[in-house]
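Student: Take a look at this one; I'll ask things after.
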Amino acid sequence: MRHTFLVASVVVLLSACGSDDPQQPPTRSDQLTRPVELVFGEDGRPDPSVLAPEQVLHRDNGEEPQTLDPHLAEGVPSAHILRDLFEGLTAESPEGRVIPGAAIRWNISRDGKVYTFYLRRDALWSNGDPVTAEDFVYSLRRSANPATASNYAQVLLPLNNAAEVLSGQLPLNKLGVTAMDEYTLQITLKDPTPYFLGLLNHSSTYPVHRTSVIQHGSSFSRPGNLVSNGAYTLKDWKVRSQIELAKNENYWDAANVIIGQVFYYPFEEQSTALKQFRAGNLQWTYEVPNNQFKWLQKHYPEELVISPWFGSYFFGFNLEREPFVENLDLRLALSMALDRDLLTDKVTQFGERPSYTLVPPGIRDFVSPKPEWADWSQLERSAEARRLYAAAGYDQDKPLRIEIRYNTGQNNKKMALAVASLWKQVLGVQATLFNEEWKVFLQNREQKVLTQVFRAGWISDYADPYSFLELFRTGHGRNDFGYSNTLYDSLLGEVASERIPSRRRRLMFETERVLLADMPFIPVYTYVTKRLVDPRLRGWQSNVMDHHYTKDMFLLKTAQEAASEEAAREKAAIEEALGEQAEGEEAADEGAVGEESTSEKSTSEKSTGGEATGEEAADEKVADEQAAEPVEETDTDGPST
Amino acid sequence: MTKQAEKPIIDPFEAALGVSDVKGRSPWEHAWHRLLKNRAAIYSAYIMAGMLVLVMLGPLVVSWESDFTDWDYTSAAPSLESGHWFGTDAVGRDILVRTLEGGRISLLVGLVATIVSLVIGVTYGAVAGYYGGNTDRIMMRIVDIIYALPFMFFVILLMVVFGRHIVLIFVAIGAVNWLDMARIVRGQTLSLKNMEFIEAARACGVPPWGIIRRHIIPNLLGIVIVYVTLTIPQVILVESFLSFLGLGVQEPMSSWGALVSDGAQDMESAPWTLIAPALFLTVTLYCFNYIGDGLRDALDPKDRL
Amino acid sequence: MLRHSLRRLLGLIPTLLMLITVAFFMMRVAPGGPFDSEKSLPPEIEANLNAKYHLDDPLLKQYFHYLGQVAVLDFGPSFQYKDWTVNELIAQGFPVSMTVGVLAMSLAFIVGTLLGIAAALRQNTRIDYSLMGVAMLGISIPNFVIAPILILVLAVYAGWLPAGGWDGGFASMVLPVLTLALPATAYIARLTRGSMIEVLHSNFIRTARAKGLPESVVIRRHALRPVLLPVISFMGPAMAGMISGSVVIERIFSIPGLGSYFVQGALNRDYTLVMGVVILYGVLIILLNFVVDLIYAWLNPKIRYDETS
């Protein structure tokens, strides 16, 4: 008797699993109703009539930020929140260009080493104090102070004496930053650093509020204590649950900040975030689950946003260990055997671009030197790969046996499996896989004892090819390849001190060419950012650094909301015509008028802001030429990427 | 216990005559008969036997290799034409063959880790119970202490410290799972050691270790068997937890737990990646639990664990 | 009784000491350190960090330093969540884990015993078999399979509940509590059924029935107490099981409980956070076992610790 129930229960399980029919449309998505058409007012801002009545944004932030102390922060999650809370000397436009932040304009000396910043006089801290040059001096010194123990202080290294101050050899006041007067700040650099302006919107260079840091010490970044100068203030922080920001009414551009409240959630499971998004509880996800491109494409074509990211995914060779020591043929063979189109089509799937170089595309004016074989067909490449493989002394009877090491993660696993499989299919290589958790993996890579072929990737802190090329410098902390080439090192040195942009680009091109000829790594693809965004959320743009400021965003009304408002208005009009004034509705009308008048005020303020930017535009030209791309920290691709 | 006591001592004379009308049954025979009456357990045993055959021989029969990536069919739904009857995963590997091979690992982990815990637990419990006194007190005190450790945490820590080698998974799970066994065995030993046949052995000068090995442990067999069948599904479950947390076996090896946790990620876009391994895993756990239940009822009708 | 309790509580100390020692050295043996990251640190910055967190002291000195801190219940600063101390993190995470755990446990206890009794009273009927079949299923399906199914059906398709996250409200608790309670409910139901059947066949129940008492009174007055004994002694291990289960549940539902702190802490080598959570759970398990023993003794008049121990 019992067994029938056993079978019955198994059937129950089966049907429970089977019930998620892939064909079944996700019912909740229907309720994410379409937004109304976006209409801009005369000031270039969205017209108030199309904005949703409730401007609250729910953003998935991938994981809990490690800290909201801008000088200790590292990692993408902290950076996203800090961009909303603080404003550095420079900021970024929605499309990712460097624009004035707390500094309204700046001059750069002829030798490119002295920057003079003129601060906004209307910039205030969230408690009403003015943001002064002294605040920046204090903050940069705090950031460089050994006692602060910032682990991202290397961003400050271009500053004069920064290395000595960091190691405690020189006192803090020797750091290359001085306040000329209350609103003028001067920063002196060691070398001309063309991307320096971009570094200034990295959180390590953000200002912190002196008196509250002194008063609260290490707990100054708690809600209630934190005084910020950005568009938002920290309202509430439940660890690993949510962080709530509210609009900073003292922000100099507060009139143009539309979203009044932002919630950041640390969803570590992408599938949870996806489900929350589908249930309408998120407007912005951090990423999307790896394997579900087709499904998302089918069910959420408008919500799925994919755009190039400034990062490369590649595999490294350990050149200090056989079989790769002095074995260019083998390295080339392994690289050519990989069908990158197949890998991006079938494995990564989200429109990542096949890559044959180190530096990803997306930097203005810079084009990487492609190796010759990049333009061949895969058949030709495979044939050449087999020839080189044989030349290196391997064949069917004596196949190459290697290990591919990678850090735990869905995407890395898939990629390693696919690479092993392609090598086997094309060359007959016997590759085994080995995955390790992130910290162990990093350590083993660095020690160069166990690794042979290992997964690597780089997402740059700032939009400059140098941050990629630097990785292969002899003695660089992340040169886990054991690559060392004197020509390469000397070219890199020239790049570092060159300040004429066109010559610098030429040099970087040459440097990368040297590297690619040595093939100490296998480029595979360039990263994309992939997320779901509520179509009602507008005002942001995709950019290669993936920096998005909530202050630029706004939520549109849904068509449904607009329709019901319209209906209400008609009803009111009719009732008014009939002379029957319902008091409640009258009040509602008045409310609407009030709203309009505020927006007029914001228009006028905006136009003064516009003049200010126009004024500094001339001054900024040089700067713009040299460095203009946004520079910011994006964390390492952590275990999850 | 009562059954054993009641068991008539067969008259040697009668036995010699071959008079079998009062033929006594050994406790094992009793147990066997009771077990046969338990249909759920018997059917479970059949299903399990089938599962074992499938898992051992299946991968040899299925035409795909478990690490072969079929680029023409990535994340493909089950279909007869493609030859992937259970569909494929995100890199085009055949789910059926992966499920079968995953089963090998899961069952192996279940079995080996259980044996590890068995060896430690039985030895420890028997020694503590047999010697009694202060030895017992101290040894059991240690068990109490270890009991208080949040054991899942320690398995995670072990995996973090030593990396995720499959042998380590056996050891880690086995090493934290022996406590129950030690306690049960100790209890049984305590009651056994004062029985006549042990006294007799002792009187004959058999050394303590010999007594434990020759007399005590064989008498624990019943309870040990029950315990083993009930521990195996637990261990398989623990392994699947670890896999879910990303601390399981290395690719391209797999286990049901790992497959299920992969599948659960894509349960809506590719439900077939979840269904097959989940079904195999659940059926196995289900059967083991029923078999364990049946054995317990049969071998140990009075004492419940 | 009192003496026994005192002795048990004193027994906490060696247990804890061992717990701390094992966990401490295991964490330190683990390869990689709390400040390793892909952007490698310049040596001077690494030195600053190590100095700040006393990681440059000899290991034994660090160990005794840590013991000293723990003695005054200071678990130190978290390495990973730099704005918080471990004490603060635990103060935020523990109530969450506790809420989910206690709710799940209560649910499992109530539903489990009721189902078990119901099945036992209808022993060998269809109801009994189907209840026990379902209970077996509850034990056999891993909760990371059940959870996504529940989320999909109840949160995504039906839209009744949030799919994850935690706001302390009732709605965000339902799914995690349900998922966590399921295996324990199934286990308790099976235990109760077994022990109920045994009790119903015992002499004192026969006597009670013979006295002509109505069945409901027999069960409530006489059977319930002995039936609950094995269930109560199961509660200790069950609680430990819930703690392991919660690691998975918290991850799936993105709940900010201690289990997820632990896993993140272990992976990020957040030494102090891992230690804090391990110690807390160690103490908790010991105390719970102790409480369970007390309840057991209270329910079972045959046990009096003062004589037996």
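Student: Taking N as the number of residues in the stretch C:166-309, what value does Rg over Cα atoms divided by 2.2 N^0.38 Å take?
Tutor: Rg over 2.2 N^0.38 Å, computed on Cα atoms: 1.39.
Student: Could you list the square roots of 5 times each eigenvalue of the Cα gyration tensor of the stretch C:95-200, that is, the equivalent ellipsoid semi-axes, sorted largest first and rounded to whole Å?
Tutor: Here the semi-axes work out to 29, 15, 10 Å.
Student: Let me ask something additional. Treating only the Cα positions of the stretch B:150-201 as identical point scatterers, give the base-10 log of I(q)/I(0) from the Debye formula at each q in 0.14, 0.15 Å⁻¹.
Tutor: Listed by q, the Debye log ratios stand at -0.53, -0.56.
Student: Something else now. For helix C:86-121, what angle does its Cα long axis make with the longest principal axis of chain C, in degrees from 0 to 90 and rounded to 10?
Tutor: Once rounded, one gets 20 degrees.
Student: With chain C treated as a Gaussian network of Cα nodes joined by springs under 10 Å, which of C:289, C:48, C:268 yields the largest mean-square fluctuation?
Tutor: Checking each option, the largest mean-square fluctuation is seen for C:48.
Student: Follow-up. Could you put C:27, C:196 in order, starting from the residue whose Cβ has the fewest other Cβ atoms within 10 Å?
Tutor: Ranking C:27, C:196 by Cβ neighbours within 10 Å, fewest first, gives C:27, C:196.
Student: Between helix C:170-200 and chain C, what is the angle of the helix's C-alpha long axis to the longest principal axis, kept within 0 to 90° and rounded to the nearest 10?
Tutor: 40
Student: Let me know the Rg and Dmax you get for the stretch B:28-138 when you use only its Cα atoms, in Å.
Tutor: Reported Rg and Dmax, both Å: 22.1, 70.
Student: Here's a follow-up. For the pair residue A:517/residue B:119, report the inter-label distance in nm, with labels modelled 7 Å from Cα in the Cβ direction.
Tutor: With each label point 7 Å from Cα toward Cβ, the separation is 5.9 nm.
Student: Based on DSSP, what percent of beta bridges with both residues in the protein assembly as shown are antiparallel, to the nearest 5?
Tutor: 80
Student: Still on this structure, I have one more. Translational D (Stokes-Einstein, µm²/s) of the protein assembly as shown at 25 °C and 0.890 mPa s when Rh comes from the Kirkwood sum over C-alpha pairs?
Tutor: 72
Student: How big is Rg to Rh over chain C, alpha-carbon atoms, Rh as the Kirkwood inverse-mean-distance radius?
Tutor: 1.07
Student: Still on this structure, I have one more. Using helices alone, what [θ] at 222 nm do you get for chain C, with -39,500 (n - 2.57) per DSSP H run of 4 or more residues, divided over all residues and rounded to the nearest 500?
Tutor: -24500 deg cm²/dmol, from helical runs alone.
Student: Something else now. How big is D, in µm² s⁻¹, for the stretch B:131-171 by Stokes-Einstein at 10 °C and 1.306 mPa s if Rh is the Kirkwood radius over C-alpha pairs?
Tutor: Reported coefficient: 133 µm²/s.
Student: Compute log10 of I(q)/I(0) for the stretch A:407-485 with the Debye formula, placing one identical point scatterer on every Cα and leaving out solvent, at q = 0.15, 0.17 Å⁻¹, to two decimals.
Tutor: After summing over all Cα pairs, the log10 values are -0.66, -0.82.
Student: Other chains near C:26-37: what is the mean number of their Cβ atoms within 10 Å of each residue's Cβ?
Tutor: 6
Student: Then there's this: I need C:288, B:190 ordered by Cβ neighbour count within 10 Å, fewest first.
Tutor: B:190, C:288
Student: Related question: How large is the convex hull of the Cα atoms of the stretch A:183-309 per residue, expressed in Å³ as a whole number?
Tutor: Spelled out: Cα convex hull of the stretch A:183-309, divided by residues, is 195 Å³.
Student: Using a 10 Å cut-off on Cβ atoms, rank the peptides B:120-133, A:194-207 from the highest mean neighbour count down.
Tutor: The densest-packed peptide leads the list: A:194-207, B:120-133.
Student: In which sequence would B:71, B:209 go, from the one with the fewest C-beta neighbours within 10 Å to the one with the most?
Tutor: Exposure proxy ranking, most exposed first: B:209, B:71.
Student: What FRET efficiency comes out for residue C:300 versus residue A:443 if R0 is 60 angstrom and r is the Cβ-Cβ distance? Round to the nearest 0.05.
Tutor: The formula returns an efficiency of 0.65 here.
Student: So what is the 222 nm mean residue ellipticity for chain A from helices alone, if each DSSP H run of at least 4 adds -39500 (n - 2.57) and you divide by all residues, rounding to the nearest 500 deg cm²/dmol?
Tutor: Using -39500 (n - 2.57) per qualifying helix, the result is -11000 deg cm²/dmol.
Student: Per residue of A:221-231, count partner chain C-beta atoms within 10 Å of its C-beta, then hand back the mean as an integer.
Tutor: Taking the mean over all residues of the peptide, I get 1.
Student: Related question: Counting each DSSP H run of 4 or more residues in chain B as -39500 (n - 2.57), what helix-only mean residue ellipticity at 222 nm follows after dividing by all residues, to the nearest 500 deg cm²/dmol?
Tutor: Value at 222 nm, helices only: -23000 deg cm²/dmol.
Student: Rounded to whole Å, give me the distance from the Cα center of the stretch B:204-228 to that of the stretch C:98-118.
Tutor: So the two Cα centres are separated by 39 Å.
Student: Residues with amide H under 5 Å of residue A:525's amide H, sequence separation 5 or more or different chain, H placed in the peptide plane at 1.01 Å from N; which?
Tutor: When sequence neighbours closer than 5 places are left aside, the close amide H contacts are A:313, A:355.
Student: Over chain A, what portion of Cα pair distances is larger than 35 Å, expressed as a whole percent?
Tutor: The calculated P(r) of chain A puts 49 percent of pairs beyond 35 Å.
Student: Another one. Which length gain, in nm to one decimal place, applies between residue A:432 and residue A:384 when the Cα-Cα distance is subtracted from 0.36 nm times their residue separation?
Tutor: 14.9 nm
Student: What pairs from A:448/C:52; A:413/A:448; A:370/A:448; A:439/C:52; A:238/A:275; A:370/A:439 go past 23 Å between their alpha carbons?
Tutor: In this structure, A:448/C:52; A:370/A:448; A:370/A:439 lie more than 23 Å apart at Cα.
Student: Also, quick follow-up: Kirkwood Rh, the stretch A:129-241, all Cα pairs: how many Å?
Tutor: 15.0
Student: Seen from all sides and averaged, what is the projected area of the convex hull of the Cα atoms in the stretch B:88-303, in nm²?
Tutor: 13.5
Only the coordinates and a few stated rules stand behind these numbers; no lab work does. These figures come from a predicted structure and were not determined experimentally. Cβ sites come from the backbone with ideal geometry, for glycine too, and all protein chains shown count toward neighbours.
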